[in-house]
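The values are calculated or read from the model by the stated rules, or taken from the named source; none is laboratory data. These numbers were taken from a predicted model, which means no experiment stands behind them. Cβ coordinates were reconstructed from backbone atoms using ideal geometry, including for glycine residues, and neighbour counts include every protein chain displayed. For accessibility, only protein heavy atoms count, side chains too; no ligands or nucleic acids. Shrake-Rupley method; radii C 1.70, N 1.55, O 1.52, S 1.80 Å.
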Amino acid sequence: MNETASLRARAEIDLAALRANVRVLRARASGAQLMAVVKSDAYGHGAERCARAALEAGATWLGTATPHEALALRAAGVGGRLLCWLWTPGGPWREAIEAGIDVSVSGMWALDEVTAAAAEAGRPARVHLKADTGLGRNGCQPADWAELVVAARAAEQAGTVRIIGLWSHFACADEPGHPSIAAQLDTFRDMVAYAEKAGAEPEVRHIANSPATLTVPESHFDLVRTGIAMYGISPSPELGTAADFGLRPVMTLAASLALVKRVPAGHGISYGHHYTTSAETTLGLVPLGYADGIPRHASGRGPVLAGGVRRTVAGRVAMDQFVVDLHGDEPAVGSDAVLFGAGDRGEPSVEDWAQAAGTIAYEIVTRISARVPRVYRDDETPPGPSAGS
């Protein structure tokens, strides 16, 4: 019996594929350093294991959204350069400083809090000043940039901060040729030039995310930040598939069929009877539901490989389970139902599920809940077919 046979469901994480993806992205980075973004538990793949694998493959930085994500990595013994960027007032600034975590500053309130924390810690904070070049989320507006830069330089001269980075984020890099890309680059260059003229000497200037790393080489500067692409998922179907970029999906989501049974024609399936069997048939029960992160919006549309054939979710996705119509086939109870993966067995992709749910692939992998065990593979051999699949 293989080691996963007793699991209700599992998300298999291929660390060899992740490392290969990091190497591909480094080669695309035009000599810039690479930050492996492991926010949201590494997009659902497991932050600690993925962070270590990315560093092994040559990533020189790690990135998280929240300071608590960054502190958890440090608590797990993960070293290296580490930036976190989503702060709110009263955040754990001192803990981050003491843990050697770089912090992002987008406004005067954050600079005030981080300098106070640095004074308490007795060591300078490593800060990255974030510019809002057009995304309209976090970051300092151009009109307020001079005030922030002057204050940060004063804090640097006082010994409470070190300006390590100047950075920003694209709004539409996943839309090739969008006019905002060039406009944001121009604004970023201007804001960097202002900070450097004011005396800032950043180690890294960075704006490129996954799509920009793949398609906008002039945006690479000193560092690129790769998130979704590192996990073998294309940041945008319009840019090409993962395979087009030489990337391999890292996560495979599968479950063991919990029941296979024969039912008559006209039998309603799941809540609301939105699916009714057209003839006598067999049904397979897949023990995954929206509590596990399977989108209810994919009811009646989500694809599944079961019994070696692509099926579709029959009726509503429930909290813990859904049904597929096997059309008379009778795969063994306990055999695999594969929702998505790398495609080696003909299984659907994450993008197939995103289309079925009317969303993006990012959401599909990040929403897979902690109720689904992560099972880590770390070899160069793709998984073979499971019994009954």
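Below, the figures for the structure above:
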{"quantity": "Sole residue being at pLDDT 95 or above and open to solvent by 60 Å² or more (accessible area, probe 1.4 Å), chosen from V333, V324, V313, V317", "calculated": "V333"}
{"quantity": "Any hit, segment 371-378, residues being under 24 Å from the mean Cα position of the chain (by Cα), at pLDDT 95 or above, buried (at least 19 other Cβ atoms within 10 Å of the Cβ) and not small (G, A, S)", "calculated": "yes"}
{"quantity": "Pair list, Cβ < 8 Å and 6+ apart or interchain, from segment 72-91 residues that are in contact (Cβ under 8 Å) with a residue 60 or more places away in the chain to residues that are surrounded by 15 or more Cβ atoms within 10 Å (Cβ to Cβ) and among the small types (G, A, S)", "calculated": "L83/G63; L83/A70; L83/S104; L83/G165"}
{"quantity": "L83 vs. criteria out of contact with any Cys (no Cβ under 8 Å at 6 or more places or on another chain), surrounded by 16 or more Cβ atoms within 10 Å (Cβ to Cβ) and farther than 24 Å from R189 by Cα", "calculated": "no"}
{"quantity": "Matching residues in segment 155-198 - criterion: being in contact with an Asp or Glu (Cβ under 8 Å, 6 or more places away or on another chain) and surrounded by fewer than 17 Cβ atoms within 10 Å (Cβ to Cβ)", "calculated": "E175, P176"}
{"quantity": "Search result, residues across segment 349-368 that are within 16 Å of L288 (Cα to Cα) and part of a loop (DSSP other than H, G, I, E, B)", "calculated": "R367, I368"}
{"quantity": "Condition met for V365 (hydrophobic (A, V, I, L, M, F, W, C), modelled with pLDDT of 95 or more, closer than 15 Å to A255 by Cα and crowded, with 17+ Cβ neighbours inside 10 Å)", "calculated": "no"}
{"quantity": "Tally, over segment 338-377, of residues that are under 18 Å from L7 (Cβ atoms) and among the β-branched types (V, I, T)", "calculated": "4"}
{"quantity": "Residue that is most open to solvent (accessible area, probe 1.4 Å), among those in segment 50-80 that are touching a Lys or Arg at 6+ places or on another chain (Cβ under 8 Å) and more than 22 Å from R126 (Cβ to Cβ)", "calculated": "E56"}
{"quantity": "Qualifying residue in segment 109-121 (condition: crowded, with 22+ Cβ neighbours inside 10 Å, within 20 Å of T64 (Cβ to Cβ) and free of Cβ contacts under 8 Å to residues at least 40 places away in the same chain)", "calculated": "yes"}
{"quantity": "Tabulated pairs, segment 26-39, first at pLDDT below 95, second open to solvent by less than 80 Å² (accessible area, probe 1.4 Å) and part of a helix (DSSP H, G or I), C-beta under 6 angstrom, 6+ apart or interchain", "calculated": "S30/P217"}
{"quantity": "Filter result (of a type in the set (S, T, N, Q), buried (at least 24 other Cβ atoms within 10 Å of the Cβ) and in contact (Cβ under 8 Å) with a residue 60 or more places away in the chain) within segment 211-251", "calculated": "T213, T226, S234"}
